[in-house]
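Note sheet for the following structure.
Bear in mind these aren't lab numbers, they're just calculated from the coordinates by the rules spelled out. Not measured: the values here are computed from a predicted model. Note that we place each Cβ from the backbone using ideal geometry, even for glycine, and neighbour counts take in every protein chain shown.
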Amino acid sequence: MRFGTRSRNNGLHPHFTLPPPPKEKSQKAQNPFPLGKSLMNYSCSRYELKCNECGKGYGNQPLSACPDCIAPLEVIYDLDAVRGIFTRENIAAGPANIWRYAALLPIPDGFQPDLPVGFTPLVRAKNLGKRIGATNLYVKNDAVCFPTLSFKDRVVSVALANAQKFGFETVGCSSTGNLANSVAAQSARLGLKACILVPADLEPAKILNTQVYGARLVRIDGNYDHVNRLCTQIADEYAWGFVNVNLRPYYAEGSKTVGYEIAEQLGWRLPDNVVVPMAGGSLIRKIRKAFNELIYLGLVEEKPVRFFGAQATGCSPISVAVKQGTDDVVPQRPNTIARSLAIGNPNDGPAAAKMILGSGGWAEDVSDLEIVSGIQELAETEGIFTETAGGVTTAVTARLYADSRIAKDQITVTCITGNGLKTTDALNGHYQQERAVRPRLADFDAYLRELDGLAEPELVAAGGK
Ligand SMILES: Cc1ncc(COP(=O)(O)O)c(C=O)c1O
Ligand SMILES: [Zn+2]
């Protein structure tokens with residue numbers, strides 16, 4: 001787990017070694033923001049970027065893939081060096097947010113976190129459990145994550161700490177919605193300029209929830225994969241800090257905090273099963289990484305944990321691969337109401353599929369109708385209003401119990417990652433606006449009888465006069 005000290009100047013991404021080439025006058029005029037300050041790398045004794053494939057270290061810099069083998073870079077920690085620091089006691093003495101785990105987050109030395117992100121409730125879901133045949137079910141409720149009501153607040157806060165350290169003045173992201181909201185909100189607070197790109201067909205609430213913070217929002221006429229490809233080009237050309245492009249290795253680490261919190265909230269125990277929604281496939285992998293670190297450092301007892309991935313059938317490249325027993329993920333063209341999960345060519349798909357299969361878990365996908373039922377079921381049983389991604393997770397969880405893939409009494413955590421107020425359009429046509437009732441007891445009585453089917457609407461109307 002150790003890494004040695006090395007020159008921090010090696011392996012700079014070619015696009016960050018030289019200033020951008022001089023532009024034509026007309027092109028320059030189109031650049032909406034000036035270039036960031038001089039970009040740099042930094043050294044840190046606790047962690048650095050390493051190639052997943054060849055193991056080469058890259059220090060700390062805005063770089064997501066190994067230039068030699070094009071494999072993703074991962075943040076690797078000197079775990080033994082934090083052994084005496086990352087303890088149950090120190091964590092308990094820390095703030096009630098993700099920064100209590102700062103020793104195992106890629107936070108530059110001297111960074112002073114001030115946003116209380118995360119540490120969302122882990123709630124026992126007895127009622128939902130009763131309905132789906134589970135006796136030991138918990139909901140990890142990131143529908144109430146601060147500040148923008150999705151787990152993306154975790155990843156963005158870690159990414160922006162690095163964006164500031166690297167000297168970016170403008171940050172951005174390609175997003176299926178929640179990330180856009182979070183980058184917009186957090187960059188506003190930090191005084192960073194934000195340029196955010198989304199597929200044009202995003203839910204209206206997610207568009208508004210980005211614009212309200214004053215971020216520049218660009219709707220792209222294409223799906224997420226088109227948006228993401230464009231962002232890769234923009235990040236290079238404009239030297240902006242894109243949280244899920246050139247800052248991706250740091251960004252992704254923020255998801256580990258879901259895993260730390262689950263273990264701590266279960267009383268420093270690991271669950272038997274975790275059900276996690278998948279888009280790019282990063283969150284599910286990082287929960288696994290968090291559990292591994294806790295085991296290595298002795299904060300929890302080692303035990304097998306099975307990972308279950310959840311997708312919408314209309315965008316199910318990872319679940320299809322898992323069902324075929326392979327990590328060969330074939331891209332799809334998304335077509336689902338679960339837009340936050342609509343990534344047809346998932347960055348971490350193969351690694352996620354491999355991890356799920358290796359854990360003895362499974363992946364499932366559900367139809368748009370089942371997604372709506374999942375939203376309703378969680379709301380009606382536990383009082384938690386989740387967005388479409390949570391509908392996917394709830395419906396998949398129900399299916400896993402129904403198919404006996406998860407045993408009734410095992411400790412199972414289902415991860416709800418976003419808030420239902422952002423995707424109310426998914427419920428269009430399912431609830432009607434009731435007519436107004438006059439403020440008189442007789443009218444109320446009549447109205448209740450009407451609702452209960454005991455009186456004809458005409459009689460109620462007449463009786464109320
Ligand atoms: C609400 C919600 N849940 C889950 C995910 C999946 O995360 P990942 O891309 O890490 O698989 C996303 C991604 O956008 C999301 O917005
Ligand atoms: Zn490599």
Worksheet item: What percentage of all Cα-Cα pairs in the range 52-116 are separated by more than 21 Å?
Response: 40
Worksheet entry | Antiparallel bridges, percent of DSSP beta bridges restricted to the chain (to nearest 5) | 30
Practice prompt. Work out the FRET efficiency for Glu53 and Lys354 from their Cβ-Cβ distance, taking R0 = 22 Å, and round it to the nearest 0.05.
Written response: 0.95
Fill in: Stretch gain in nm, segment Arg269-Thr232, where the contour uses 0.36 nm per residue and the Cα spacing is subtracted
9.4 nm
Worksheet, complete the sentence: The base-10 log of I(q)/I(0) that the Debye equation returns for the chain at q = 0.07 Å⁻¹, one scatterer per C-alpha, is -0.37
Worksheet item: For the range 247-403, what proportion of DSSP beta bridges, expressed in % and rounded to the nearest 5, is antiparallel?
Response: 10
Fill in: Cβ-placed point charges (K, R +1; D, E -1), dipole of the chain about Cα centre in debye, nearest 20
1060
Discussion item. Could you work out how much longer the chain between Asn127 and Ile295 gets when fully extended? Use 0.36 nm per residue separation minus the Cα distance between them, nm to one decimal.
Written reply: 57.3 nm
Worksheet item: Where does the chain land at 222 nm, in deg cm²/dmol rounded to the nearest 500, when only DSSP H runs of n ≥ 4 count, each adding -39500 (n - 2.57), divided by all residues?
Response: -11000 deg cm²/dmol
Discussion item. Using alpha carbons only, how many angstrom separate the centre of the range 419-437 from the centre of the range 270-332?
Written reply: 33
Worksheet entry | Helix 349-359 axis, angle to the chain major axis (alpha carbon atoms, nearest 10°) | 70
Practice prompt. Decide, for the range 182-236, between rounded, prolate and oblate: order the square roots of the alpha carbon gyration tensor eigenvalues as a ≥ b ≥ c, take rounded if a/c falls under 1.5, and otherwise choose prolate if a/b is larger than b/c, else oblate.
Written response: oblate
Fill in: Linear extension gain, Leu454 paired with Ala71, 0.36 nm per residue minus alpha-carbon span
131.2 nm
Item to complete: On a 0 to 90° scale, report how tilted helix 282-296 is relative to the longest principal axis of the chain, with both axes built from alpha carbons and the result rounded to the nearest 10.
Response: 70
Fill in: Nearest-ten-degree value, helix 178-190 long axis tilted from longest Cα axis of the chain
60
Discussion item. Can you compute the label reach from Ser45? Point 7 Å from Cα along the Cβ direction, backbone N cut-off under 14 Å, restricted to the range 84-126.
Written reply: 84-85, 109-110
Worksheet item: Rounded, prolate or oblate: which fits the range 229-282, taking a ≥ b ≥ c as square roots of the Cα gyration tensor eigenvalues, rounded meaning a/c under 1.5, else prolate when a/b beats b/c?
Response: prolate
Worksheet, complete the sentence: Expressed in nanometres to one decimal, the distance between label points 7 Å along Cα→Cβ at Leu421 and Glu302 is 4.5
